Amino acid sequence: MTSLHTNPDFEQLRISDLHAFYGESHILHGIDMRVRRGELVTLLGRNGAGRTTTLRAIMNLVGRRTGSIMINGNETIGSAAHLIPRLGVGYCPEERGIFASLNVEENLLLPPTVRSGGMSLDEIYAMFPNLYERRFSQGTRLSGGEQQMLAMARILRTGANLLLLDEITEGLAPVIVQKLGEVLLKLKDKGLTIVLVEQNFRFAAPLADRHYLMEHGQIVEEISAAQLPAKKELLNACLGV
Amino acid sequence: MTLIFGIPLGVLLGQLLLGLINGAFYALLSLGLAIIFGLLRIINFAHGALYMLGAFAALLGLQHLGVNYWMALVLSPLVVGALGMAIERHLLRRIAGEDHLYGLLLTFGLALILEGGFVKLFGVSGASYPTPDLLKGGVNLGFMFLPGYRAWVVVAALVVCFATWFMIERTRLGSYLRAGTENPKLMQAFGINVPLLITLTYGYGVALAAFAGVLAAPIYPVSPTMGANLLIVVFAVVVIGGMGSIMGAIVTGLAMGLIEGLTKVFYPQAASTVVFLVMVIVLLFRPAGLFGKEA
């Protein structure tokens, strides 16, 4: 196992023919994607293209799903939702999910450790000094940016090595977006694998190794960082940026 | 003798003590209801029947197995709590996520079955449970006589209530419970086994009811309907305190007991309705209850 995990070509996430449903509505129509260890991959697309649903389907938070989702070499399509994070997955939802009845530090300590090698509380506070200052405040009293930092920091403590981040820059001031970009680069340097759902293409472009472009619940294009300049036209057309 | 508003001090304090004891039971029962409602979103109408079951477990244990009071205080909540977990796992889980009304109907039906079954087996008149030797007698405080067992009930209930509050508000396990109350889906996404948390929570709430039942056994008649009579007031207490509020349930429970005691002194005719009067007034001014968060 150890050699597999240090092998840079190890596929940390491999999704094949994933379909997802909410009740009667069929949202994802056969997604195929693979993310290698240490890669930062984005899911681009318009609202409603199925990017958030893809992340939620990986976490088994949708109504029903079929196909195959391999995480760190384990098939998870039949796994209960609470077993998936234990394979080393950290999920940061679009709505951030900060708990109002918990203070900042309790929010940070909430998710159980899933692997060794996570960041300590001290390291987290060093990375996000604001959170240290406000550690005894009610979680939802923080500003939007601070709440986003908290939602990110929370999953870094658990030792998860595959991070699923949903719209982390949404609605935040440019200076905070910049700070989040620095954090993502640091996490990449640490060798973490990141799947980023992002609306802000200018934020995502310089960070990512590859991009998956989604439309109508399908992946319509896979673009490597090197191909990006040549695909500008297509992206403009699909994203309306 | 000292008079306060024309009432002898001893009478006043005696009624306040009785009120405090009732309040201790209200607090224990409404605390269990609040914890269960918080995580399961179920209004547990079986709570009174489970309280009755706790008292009967103590009584039957004493009569048939030689389980003394102190052992019953531990064993009865464990046994009834385990039954509660089985109820959650096999009945309540099937209707999780459905309309509130289903949970209400299911638990109400359970209460009727349990109470009916016990009436069939033991009749309605009830039996008495002997006061444990250690707590027989009492102390004369000069202005009033303080029975040892009643003092113990108040102390034991308060200790259990505040230990529960501490566990929920100040510990790691409690933070799971609070977070699970807010957003159970996200808790799953962090790797927390929410279904197990729900089962344990229901079991703990039920164990609190059984604990109250054992405490009650030596002072109230142990009868199949003992819970049904109490539960209506306890629901009013929960509504006054604010649905799902832990501290609200404890404080309101004790306060309503005291208010009932005072009413017995000054206007006895209203003693059994005063809690509902308070409920009406509180709901008029604070619809979410005294300690509840505005939705």
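Here are the numbers:
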{"quantity": "Kirkwood estimate for the stretch A:40-94, i.e. one over the average of 1/r between Cα atoms, Å", "calculated": "12.1 Å"}
{"quantity": "Environment charge at B:A96 (Cβ cut-off 15 Å; Lys +1, Arg +1, Asp -1, Glu -1)", "calculated": "+2"}
{"quantity": "Of B:K136/B:K264; A:K188/A:K232; B:K264/B:K293; A:K186/B:K293, pairs whose Cα-Cα distance is over 29 Å", "calculated": "B:K264/B:K293; A:K186/B:K293"}
{"quantity": "Largest-first principal axis extents of the Cα set of the stretch A:95-159 (Å)", "calculated": "31, 21, 18"}
{"quantity": "Positive minus negative residues near B:G174 (Lys, Arg vs Asp, Glu; Cβ under 15 Å)", "calculated": "-1"}
{"quantity": "Relative frequency of Cα-Cα separations exceeding 14 Å in the stretch B:225-295, percent", "calculated": "58 percent"}
{"quantity": "Two-site label geometry, B:V124 and A:R14: point separation in nm, points 7 Å out along Cα→Cβ", "calculated": "7.1 nm"}
{"quantity": "Averaged over B:129-138, number of beta-carbon atoms from partner chains that fall within 10 Å", "calculated": "0"}
{"quantity": "Where N is the number of residues in chain B, Cα Rg divided by 2.2 N^0.38 Å", "calculated": "1.01"}
{"quantity": "Per-selection Kirkwood Rh - the stretch A:111-201 (Cα, Å, 1 d.p.)", "calculated": "13.6 Å"}
{"quantity": "Cut-off under 5 Å, modelled amide H: who pairs with A:L44 long-range", "calculated": "A:Y212, A:L213, A:M214"}
{"quantity": "Accessible carbon and sulfur surface of the protein assembly as shown relative to its total accessible area, %, 1.4 Å", "calculated": "62 percent"}
{"quantity": "Distant alpha-carbon pairs in chain A (separation over 29 angstrom), percent", "calculated": "26 percent"}
{"quantity": "Under the Debye formula (equal points on every Cα, no solvent term), log10 I(q)/I(0) of the stretch A:169-241 at q = 0.13, 0.20, 0.27 Å⁻¹", "calculated": "-0.42, -0.96, -1.36"}
{"quantity": "Net charge contributed by nearby residues that have their C-beta within less than 14 Å of A:G78 (K/R +1, D/E -1)", "calculated": "+1"}
{"quantity": "Shape of the stretch B:48-223, Cα gyration tensor, a/c cut at 1.5", "calculated": "oblate"}
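The values are calculated or read from the model by the stated rules, or taken from the named source; none is laboratory data. Note that the structure is a prediction, hence the values are computed from the model and not measured. Here Cβ is always computed from backbone atoms with ideal geometry, including for glycine, and neighbour counts include all displayed protein chains. Remember, those area values only see protein heavy atoms, side chains included, never the ligands or the DNA or RNA. Shrake-Rupley method; radii C 1.70, N 1.55, O 1.52, S 1.80 Å.
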